[in-house]
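Below is one structure, written out as structure tokens; the observations come after it.
The values are calculated or read from the model by the stated rules, or taken from the named source; none is laboratory data. No experiment lies behind these values; they were computed from the predicted model shown. Cβ placement follows ideal geometry from the backbone for every residue including glycine, while neighbour counts extend to all protein chains displayed. Keep in mind that these areas ignore ligands, DNA and RNA; they rest on the heavy atoms of the full protein, side chains included. Shrake-Rupley method; radii C 1.70, N 1.55, O 1.52, S 1.80 Å.
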Amino acid sequence: MKILVATEKPFAKVAVDGIREVVEKNGHTLALLEKYTDVNDFYKAVEDADALIVRSDKVTKEVIDHAKNLKIVVRAGAGYDNLDLEACTARNIVAMNTPGQNSNAVAELVMGMLVYAVRNFYNGKSGSELKGKKLGILAFGNVGRNVARIANGFGMDVYAYDAFLTADQINESGMAKAVASQDALFETCDVVSLHIPATAETKQSINYALVNKMHKGGILVNSARKEVINEPELLKLMAERTDLKYITDIMPDADAEFKAFEGRYFATPKKMGAQTEEANINAGIAAANQISDFFATGNTKFKVNK
Ligand code: 3PG
């Protein structure tokens with residue numbers, strides 16, 4: 001089988017080497033399309049692929065239409081909002097993700113960005129400490145749990161809310177205290193870190209009314225997706241409340257407007273939460289193994305489409 005790795009933002013070389021080893025050991029061949037700038041190159045590369053590994057690359061209906069032999073697509077990572085699941089299902093193509101494989105990398109970046117924020121973007125002026133501050137984790141999945149683990153090491157007071165977990169499930173982790181609602185999380189905490197996927201329910205859900213519930217000096221951290229933020233409303237709120245900071249690993253569409261809030265806004269130039277050798281190796285090799293296993297045994301454990 002021909003397995004195509006199509007990554008606009010490539011994996012580290014060591015991860016590609018590892019993927020190749022798994023692919024070839026299982027009797028398949030690897031094709032690579034990295035740093036492509038023209039979607040037509042993607043269409044062409046996928047034409048004879050039996051399997052596809054991507055990162056945030058958009059696997060649209062057009063991509064699927066060009067992929068005549070495609071049987072499986074694996075998003076090497078957590079969020080699969082970049083996959084057109086309906087188009088996959090319509091062609092009987094299995095779509096998967098690799099949950100948990102890059103979550104520590106994202107969590108470490110969250111804490112790094114937070115230190116950067118409370119130390120005034122390293123401008124030399126007196127800042128504040130994270131110890132004793134209340135951290136709210138919105139969605140207690142793999143990344144949220146890793147953030148909780150590290151934040152406890154900083155001596156933060158950690159809270160969490162997850163629409164799909166009971167309070168007991170959160171409390172039993174021993175890493176965070178459950179609060180009753182998303183509103184309660186924003187009301188309770190000095191810092192809120194977003195770990196929700198981009199879905200119909202969550203898009204634009206981080207809005208004026210919600211963020212305005214935060215304590216004075218509140219910091220909103222986004223390592224999830226830009227789509228969950230209602231950007232016009234957050235801009236309006238930050239203009240009104242000069243105490244708030246917004247720190248994000250996903251550059252907003254309104255980056256230029258946010259930049260006006262000097263000292264209160266920071267965005268990485270390119271989403272880099274999962275951009276470590278370790279995360280690339282974990283997620284990339286997991287994807288290659290899941291594909292090999294699917295071809296060998298039909299295993300669809302990490303399937304995300306119907
Ligand atoms: C994910 O959903 O796994 C993360 O957002 C990482 O995405 P990336 O592979 O594009 O860096």
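So with the 1.4 Å probe, I'd like the accessible area per residue for the chain, rounded to whole Å².
Here the per-residue accessible area is 46 Å².
Once a ≥ b ≥ c are taken as the square roots of the eigenvalues of the Cα gyration tensor of segment 1-72, is the result rounded (a/c under 1.5), prolate (a/b larger than b/c) or oblate (a/b not larger than b/c)?
Since a/c reaches 1.5 but b/c is at least a/b, the shape of segment 1-72 is classed as oblate.
Among Ile19, Thr242, Ile53, which residue has its Cα positioned farthest towards the positive end of the charge dipole of the chain, with +1 placed on the Cβ of Lys and Arg, -1 on the Cβ of Asp and Glu, and the dipole taken about the Cα centre?
Thr242
Give the distance, in whole Å, between the Cα centre of segment 209-242 and the Cα centre of segment 46-119.
Centre-to-centre (Cα) distance: 27 Å.
Given the protein chains as shown and a 1.4 Å probe, how many square angstrom of Met175 are accessible, to the nearest 10?
Met175 exposes around 50 Å² with every protein chain in place.
With a cap of 10 neighbouring Cβ atoms within 10 Å, and only residues DSSP puts in a loop, list the trypsin sites (Lys or Arg not before Pro) found in segment 229-302.
Here the sparse-neighbourhood loop sites are Lys270, Lys301.
Which of the pairs Lys13/Lys245; Lys35/Lys61; Lys58/Lys203; Lys58/Lys301 have their Cα atoms more than 24 Å apart in this structure?
Lys13/Lys245
When the accessible area of segment 106-265 is computed with all protein chains present and a 1.4 Å probe, what percentage of it is carbon and sulfur?
50
Report, for the chain, the % of DSSP beta bridges that are antiparallel, rounded to 5.
So the antiparallel bridges amount to about 0 percent of the total.
Through the Karplus equation 6.51 cos²θ - 1.76 cosθ + 1.60, θ set to phi - 60°, convert the phi angles of segment 251-257 into ³J(HN,Hα) values in whole Hz; use x for Gly and Pro.
Using θ = phi - 60°, the values come out as 4, x, 4, 8, 3, 4, 5 Hz.
Angle, helix 103-118 long axis vs. longest principal axis of the chain, Cα atoms, 0 to 90°, nearest 10?
So the helix axis and the longest Cα principal axis differ by about 30 degrees.
Would you calculate, for the chain, the mean residue ellipticity at 222 nm contributed by helices, counting each DSSP H stretch of 4 or more residues as -39,500 (n - 2.57) and dividing by all residues, to the nearest 500?
-10500 deg cm²/dmol
Sequence-distant or interchain residues sharing an amide H contact under 5 Å with Met156, placed H: which?
Close amide H contacts, sequence-distant or interchain: Gly132.
Please compute the net charge surrounding Asn120, taking Lys and Arg as +1 and Asp and Glu as -1 over other residues with Cβ under 13 Å from its Cβ.
+2
Which whole-angstrom value gives the distance between the alpha carbon centres of segment 1-20 and segment 168-185?
A separation of 38 Å, based on Cα centres.
So what are the ³J(HN,Hα) numbers for segment 191-204, from phi and the Karplus equation (6.51, -1.76, 1.60; θ = phi - 60°), rounded to whole Hz, Gly and Pro as x?
Karplus-based 3J(HN,Hα) across segment 191-204 equals 10, 10, 10, 8, 9, 8, x, 8, 10, 4, 6, 8, 4, 6 Hz.
Got a sec to turn the phi values of segment 218-234 into Karplus ³J(HN,Hα) couplings, 6.51 cos²θ - 1.76 cosθ + 1.60 with θ = phi - 60°, whole Hz, x for Gly and Pro?
x, 10, 9, 10, 10, 10, 9, 8, 5, 5, 6, 8, 8, 4, x, 6, 5
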